[in-house]
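Visitor: Below you will find the structure I want to go over with you.
The values are calculated or read from the model by the stated rules, or taken from the named source; none is laboratory data. Since the model is a prediction, treat every value here as computed from it, not as a measurement. With ideal geometry, Cβ positions are generated from the backbone for all residues, glycine too; neighbour counts draw on all protein chains shown.
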Amino acid sequence: MTTFLSQVERLQAPEIEYSAVWPLLVVLGAACAGVLVEAFLPKTARWGAQVALTLVTLVGAGVLLIGYASDAPEQGRTTFSGTISVDQPTIFLWATLLLLALGAVLLIADRSVEPGGAFMPEASPTGGIYRDRPGAPQGGPGAALMTREQASRFGMQTEVFPLTLFALGGMMTFVAANDLLTMFIALEVLSLPLYLMCGLARRRRLLSQEAAVKYFLLGAFASAFFLYGVALLYGYAGSVKLADIATATTATDRSDTLLYAGFGLLVVGLLFKASVGPFHAWTPDVYQGSPTPVTAFMAACTKVAAFGGILRVLYGAFERSSWEWEGVLWGVAIASMVIGAVLGLTQTDVKRMIAYSSVAHAGFLLVGAISLNDQGLSGTMFYLMAYGFTTIAAFGVVSLVRNADGEATHLSQWAGLAKRSPVVAGVFTFLLLALAGLPLTSGFVGKFVVFAAAVEADMVPLVVIALVASAVAAFFYLRVIVLMYFSEPAADGPAVSVPGAFTTMAITMGVLFTLVLGVWPPKVLEWAGTGAFIF
């Protein structure tokens, strides 16, 4: 007992650079405060309080990040006993996550497009459209829409706001983690709230709950792969720190079997979260079944977090052994681009089409990530920002096209949309062209910089395949444009809802960033290329 007490006395609290991690602490602290709001405020007061708390948190964290970045050392800082690294790439990724989360929260908070909000009034296992609590309007798929007064009375699940902040806090920790155990904890913190949020749709409840279960089960398998990979790498290097693993790959006489197996399992977990084919099986079902604002949040922010983690792992732990794994990730990138481009052609649902589009884009991003040069790092981070804003705006537009049963996501229902709403069709056309990578959009610049980085790394054959996949993928974007402009609308076709203030702001922000990053990208590219990871 005396020995134990003496050891405890020798323990020292880790030194924390609070100025560097205040944005992260504010987000996680506000998430905890949001839980208290749910516990103690009456239901009628929760929505306004949660929206205000979440938006103030995101803006406040952004201001704190700007204040730190203006005076941050170029080489960055490590804190929490070296487990968190706040370097220039981390600052860029944190800023990207906060901006994208702001757009997603605006979509989540909107209660005008779907009266009462996109989320069910209270947790319930029942299916149907509005059979959520006693006294709610009854009926099958053809039931009348809930009136605004009824929607106001039944409200929405406001715990989605602290769940969003918890997920965001996990994402911010994930991209800054300097060791694999911290990364695993962050992975669970960002994943568990998303599993819950996927099952909270007010409409198509059974489809939403099915999506949540699929995401949870496949996510659990991916987490197991990740953790087993961590264990094998610890057995190989004697440490879970990225820098120590990197040292072990060049200065050890241990068997490489543990290294190869650990790396493979670890990368499977990371590629799953990034929805890289062929580890994408959850993506189309979850994108389709989740509430559209949650789909936007997942599609944009989770992609940033996952590839931020992939970049940190590849550059930090495995850059020196790249010749051993580069060919494998070439194959994965090719598979992802081909799967996304080819299967996207067969989709008849807009949300599933964008899901396969995300699989193709994940392949393009992986091309930049495995270049392992400064241009590849900056280009991949720029691509993540560009893709995120375009995706959030695209899902915001998808939420506006509706019929009596809710969102009209079948492609046949988008026929002649330009005749019903030229503005919405024009905005969606611009966003689709950005996803296709046409000039004067952020998508073109993003693809150009990652492909240029790959060419610099002597990966010309991979770039040629990526260009062919981009051309194939462009077809299913153009198909939707042709459908909107050159087809006659059905007499009983869907209407286009007038967006509320929140949805309007989210779509406008996404469109403006897509345009500005396509027309004038040098400043953001320069910012993305400032500094490097520290470990």
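Visitor: Between residues in the stretch 185-208 that are of a type outside the set (S, T, N, Q) and residues that are surrounded by fewer than 22 Cβ atoms within 10 Å (Cβ to Cβ) and not in a helix (DSSP H, G or I), which pairs lie under 6 Å by C-beta distance while being six or more apart or on different chains?
Guide: Arg203/Gly406; Arg205/Gly127; Leu206/Gly127
Visitor: For a quick check of your reading of the model, give me the residue pairs whose first member lies in the stretch 324-344 and is closer than 15 Å to Gly264 by Cβ, whose second is of a type in the set (Asp, Glu) and modelled with pLDDT under 90, with beta-carbon atoms closer than 9 Å and at least 6 apart or on different chains.
Guide: Note: pairs meeting the criteria are Glu324/Asp256.
Visitor: What's the number of the only condition in (1) closer than 25 Å to Phe533 by Cα; (2) part of a helix (DSSP H, G or I) that Gly219 fails to meet?
Guide: Answer for Gly219: the failing condition is (1).
Visitor: OK, next. I'd like the residue in the stretch 219-228 that is of a type in the set (A, V, I, L, M) and more than 17 Å from the chain's Cα centre (by Cα) and, out of all such residues, is nearest to Leu196 (Cα to Cα).
Guide: The qualifying residue nearest to Leu196 (Cα to Cα) is Ala220.
Visitor: I've got another one for you. Go through (1) touching a residue at least 60 places away in the same chain (Cβ under 8 Å); (2) under 22 Å from Ala95 (Cα atoms); (3) assigned to a helix (DSSP H, G or I) and name the single condition Arg46 misses.
Guide: That leaves (2) as the condition not met.
Visitor: What number of residues in the stretch 420-449 are assigned to a helix (DSSP H, G or I) and within 20 Å of Val397 (Cα to Cα)?
Guide: Counting residues in the stretch 420-449 that are assigned to a helix (DSSP H, G or I) and within 20 Å of Val397 (Cα to Cα) gives 18.
Visitor: Quick check on the stretch 50-66: of everything there that is free of Cβ contacts under 8 Å to residues at least 40 places away in the same chain and surrounded by fewer than 18 Cβ atoms within 10 Å (Cβ to Cβ), which residue is nearest to Phe533 (Cα to Cα)?
Guide: Across the stretch 50-66, the extreme among qualifying residues is Ile66.
Visitor: Continuing with this model, one more query. For the stretch 67-98, which residues satisfy the criterion of being hydrophobic (A, V, I, L, M, F, W, C), crowded, with 20+ Cβ neighbours inside 10 Å and assigned to a helix (DSSP H, G or I)?
Guide: Listed by number, the residues that qualify are Ile91, Phe92, Leu93, Trp94, Leu97, Leu98.
Visitor: Output yes when any residue across the stretch 358-376 is touching a His at 6+ places or on another chain (Cβ under 7 Å), among the aromatic types (Phe, Trp, Tyr) and at pLDDT 95 or above, and no when none is.
Guide: No; the residues of the stretch 358-376 include none that is touching a His at 6+ places or on another chain (Cβ under 7 Å), among the aromatic types (Phe, Trp, Tyr) and at pLDDT 95 or above.
Visitor: Residue by residue through the stretch 315-340, note down the ones that are under 23 Å from Phe448 (Cα atoms) and surrounded by 24 or more Cβ atoms within 10 Å (Cβ to Cβ).
Guide: Ala333, Ser336, Met337, Gly340
Visitor: Could you check the stretch 434-493 and list, in sequence order, the residues that are closer than 27 Å to Met381 by Cα, surrounded by fewer than 17 Cβ atoms within 10 Å (Cβ to Cβ) and among the small types (Gly, Ala, Ser)?
Guide: Within the stretch 434-493, Ala452, Ala471 qualify.
Visitor: Within the set of pairs 6 or more residues apart or between chains, which connect a residue that is under 12 Å from Ala436 (Cα atoms) inside the stretch 463-489 to a residue that is surrounded by 15 or more Cβ atoms within 10 Å (Cβ to Cβ) and of a type in the set (Lys, Arg) with Cβ atoms less than 9 Å apart?
Guide: Listed pairs, sorted by first residue: Leu467/Lys447; Ser470/Lys447.
Visitor: Would you check which residues across the stretch 209-218 are in contact (Cβ under 8 Å) with a residue 24 or more places away in the chain and farther than 23 Å from Ile108 by Cα and list them?
Guide: Leu218
Visitor: So which residues in the stretch 401-414 are buried (at least 20 other Cβ atoms within 10 Å of the Cβ) and either of a type in the set (Gly, Ala, Ser) or within 16 Å of Met509 (Cα to Cα) (or both), if there are any at all?
Guide: Hit for the stretch 401-414 is Ala408, nothing else.
Visitor: So, one more: With respect to Gly396, determine if the residue is in contact with a Gly (Cβ under 9 Å, 6 or more places away or on another chain) and not aromatic (Phe, Trp, Tyr).
Guide: For Gly396, the condition - in contact with a Gly (Cβ under 9 Å, 6 or more places away or on another chain) and not aromatic (Phe, Trp, Tyr) - is met.
Visitor: Looking for something modelled with pLDDT of 95 or more, under 23 Å from the mean Cα position of the chain (by Cα) and more than 26 Å from Met385 (Cβ to Cβ) - is there at least one such residue anywhere in the stretch 9-32?
Guide: yes
Visitor: Additional query: For the stretch 494-535: of the residues being small (Gly, Ala, Ser) and assigned to a helix (DSSP H, G or I), which is surrounded by the fewest Cβ atoms within 10 Å (Cβ to Cβ)? First the steps, then the outcome.
Guide: As a first pass, look at the stretch 494-535 and keep what is small (Gly, Ala, Ser): 495, 497, 500-501, 506, 510, 518, 528-529, 531-532.
Applying the additional criterion that residues be assigned to a helix (DSSP H, G or I) yields 501, 506, 510, 518, 528.
Numbers: Ala501: 11, Ala506: 29, Gly510: 28, Gly518: 23, Ala528: 24.
Across the stretch 494-535, the extreme among qualifying residues is Ala501.
Visitor: Output yes when any residue across the stretch 151-159 is on the phi < 0 side of the Ramachandran plot, outside any loop (DSSP other than H, G, I, E, B) and modelled with pLDDT of 90 or more, and no when none is.
Guide: no
Visitor: From the list Val213, Val175, Val189, which residue is aliphatic (A, V, I, L, M) and over 24 Å from Ala20 (Cα atoms)?
Guide: The unique qualifying residue is Val213.
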